[in-house]
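Engineer: Structure incoming, see below.
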Amino acid sequence: MKRLRAFFYVQHLLGIGHLARSSRVAAALVDDGFDVTIVTGGAPVAGFPGSGAISVTLPSVTSGDEGFSGLVDLQGKPIDDDFKKRRSEMLLQAFRDCRPDIVIVEAFPFGRRQMRFELLPLIEAIDAASPRPLLVTSVRDILQERVKPGRNEETVALVNRHFDLVMVHGDPAFATIDKTFPLAGAIRAEVAYTGLVAAPPAPAASERFDVVVSVGGGAAGKSLVRSTIALARNADNAWKWCLITGPNLPKDEFDAITRDATPRLSIFRFREDFASLLTGARLSVSQAGYNTVCDVLRARCRSLLVPFAAGGETEQTVRALMLEELGLATVRMEKDLTPECLAQAIEQALAGPAPAAHRLDLEGARHSAQILRERQRTWSSKS
């Protein structure tokens, strides 16, 4: 049987959540027998996108600030037209080299509008290819609210004109795409739900902490870091604290933070065994990013969520409040966060009942591979 070829584009700009989720889906495709080329264009992150796939790295861009207002290179310099042209040509060459049966574009056109300079030419090349590959957009279950008039209409127009499948990485028992995308009913492409893309169950913790505090990639969430350090230093209990700042926190800031470590407060930039640490923790304190929430749901530990909401971001707040409503988390808003507020919230979370049992589907990576294989089979029989 012919091995199917998948071409997977992912661009992370601020955190590492998009890259982590896409890497898990790519790994599941490899396990399912696909030949996978994954194209990345953000700041390098150790361990991602992982082994098994061909990795193509475009010249790195990242977001200029938490509001995603512009694209800069890793030195903070705004990218120019020559930079964009070079990336676009590299992306098109990678597509031609792969000759894929399926192209998966992470987020676009529901997000990553900043990358149109290279994605629209890629889509044109896909439409012109013979045979034309199946074109799929890979999106979270909860989308960022679009406030500018016409943006949602533009998204629907692009999906309906070019895409064959909208692959939603969520459990419809928790959230369907229409909750955060008001024009979902106008989408003519098939919409398929994969379940949440969680990491496999983690082994038991080799090190135990009472409170594990994490801030995702580390480019945001500094108020949570500051409040944690102040609280851990002044707490009148014997708890062991673990603070994970994230790999994207600038080195000088991380070095300054580590000077505040104490025997009761251990500070790390990154822990590969993060999911294991949650299995042994009394409480997880984190933002409400997709991947961290999946890890918390997998570990079934108590959770205090402080959703990232800078720059008009709404996605994490929506997710956190939905989880709180289900009895799966306690929520505090970042704008209200002080060491005193954090202490009160931690006490409340620990004193409350254990997290409610849930039956949310966490096998989204494996289901994504199954869905793509089946849809490509149907697609090729029509071609």
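Engineer: Viscosity 0.692 mPa s, temperature 37 °C: what is the translational diffusion coefficient of segment 284-324 from Stokes-Einstein with a Kirkwood Rh over Cα pairs, rounded to a whole number of µm²/s?
Structural biologist: It comes out at roughly 323 µm²/s.
Engineer: Kirkwood hydrodynamic radius, computed over distinct alpha-carbon pairs, for segment 38-106: how many Å, to one decimal?
Structural biologist: One over the average 1/r among Cα pairs gives 13.5 Å for segment 38-106.
Engineer: In segment 128-211, which GluC sites (Glu not before Pro) fall in coil by DSSP and have 14 or fewer other Cβ atoms within 10 Å?
Structural biologist: Here the GluC sites (Glu not before Pro) that fit, given the DSSP loop and packing criteria, are 207.
Engineer: Over segment 148-252, with every protein chain in place, what whole percent of the accessible area is carbon and sulfur at 1.4 Å, could you tell me?
Structural biologist: After summing per-atom areas, the C and S share lands at 52 percent.
Engineer: Between 0 and 90 degrees, rounded to the nearest ten: what's the tilt of helix 364-382 against the longest Cα principal axis of the chain?
Structural biologist: Helix 364-382 sits at roughly 10 degrees to that axis.
Engineer: With a bin width of 10 angstrom, please list the P(r) values of the chain as percents of all Cα-Cα pairs, from the 0 bin to the one holding the largest distance.
Structural biologist: Distribution as computed: 5, 23, 33, 25, 11, 3, 0 percent.
Engineer: Accessible area per residue of segment 57-194 at 1.4 Å probe, in Å²?
Structural biologist: Heavy-atom accessible area per residue stands at 45 Å².
Engineer: Separate question: Which chymotrypsin sites (Phe, Trp or Tyr not before Pro) from segment 198-255 combine a DSSP loop assignment with at most 13 other Cβ atoms within 10 Å?
Structural biologist: Sparse-neighbourhood loop chymotrypsin sites (Phe, Trp or Tyr not before Pro): none present.
Engineer: So, one more: Treating only the Cα positions of segment 86-237 as identical point scatterers, give the base-10 log of I(q)/I(0) from the Debye formula at each q in 0.11 Å⁻¹.
Structural biologist: -0.62
Engineer: Where both partners of a DSSP beta bridge lie in the chain, what percent of those bridges are antiparallel, to the nearest 5?
Structural biologist: 10
Engineer: Could I ask something else about it? If I compute solvent accessible area with a 1.4 Å probe over the protein chains, what percent of it on segment 1-88 is carbon and sulfur?
Structural biologist: 52
Engineer: For residue 377 and residue 261, calculate 0.36 nm times their separation in residues minus their Cα-Cα distance, and state this gained length in nm to one decimal.
Structural biologist: 36.3 nm
Engineer: Per residue, how much accessible surface does segment 256-338 expose to a 1.4 Å probe? Answer in Å², no decimals.
Structural biologist: Spelled out: the 1.4 Å probe surface of segment 256-338, per residue, equals 39 Å².
Engineer: Determine Rg/Rh for segment 252-383; Rg is computed over alpha-carbon atoms and Rh is the Kirkwood hydrodynamic estimate from the same atoms.
Structural biologist: Dividing the radius of gyration by the Kirkwood radius yields 1.08.
Engineer: To the nearest 10 degrees, how steeply does helix 116-128 sit against the main Cα axis of the chain, on a 0 to 90 scale?
Structural biologist: Helix 116-128 sits at roughly 40 degrees to that axis.
Engineer: Something else: Across the chain, how many lysine pairs, 8 or more positions apart or on different chains, have C-alpha atoms separated by under 29 Å? Please give the number.
Structural biologist: The number of close lysine pairs in the chain is 18.
Engineer: Here is a follow-up. Can you bin every Cα-Cα distance in segment 162-241 into 5 Å intervals starting at zero and give me the percent of pairs per bin, rounded to whole numbers?
Structural biologist: 3, 10, 13, 13, 11, 13, 12, 10, 8, 5, 2, 1
Engineer: For segment 267-344, calculate the relative contact order in percent as a whole number, restricting contacts to Cα pairs under 8 Å that are 6 or more residues apart.
Structural biologist: 25
The values are calculated or read from the model by the stated rules, or taken from the named source; none is laboratory data. Keep in mind that what you see is a predicted model, and the values were worked out from it rather than measured. Note that we place each Cβ from the backbone using ideal geometry, even for glycine, and neighbour counts take in every protein chain shown. Accessible surface is based on the protein model in full, side chains and every heavy atom, while ligands, DNA and RNA are left aside. Shrake-Rupley method; radii C 1.70, N 1.55, O 1.52, S 1.80 Å.
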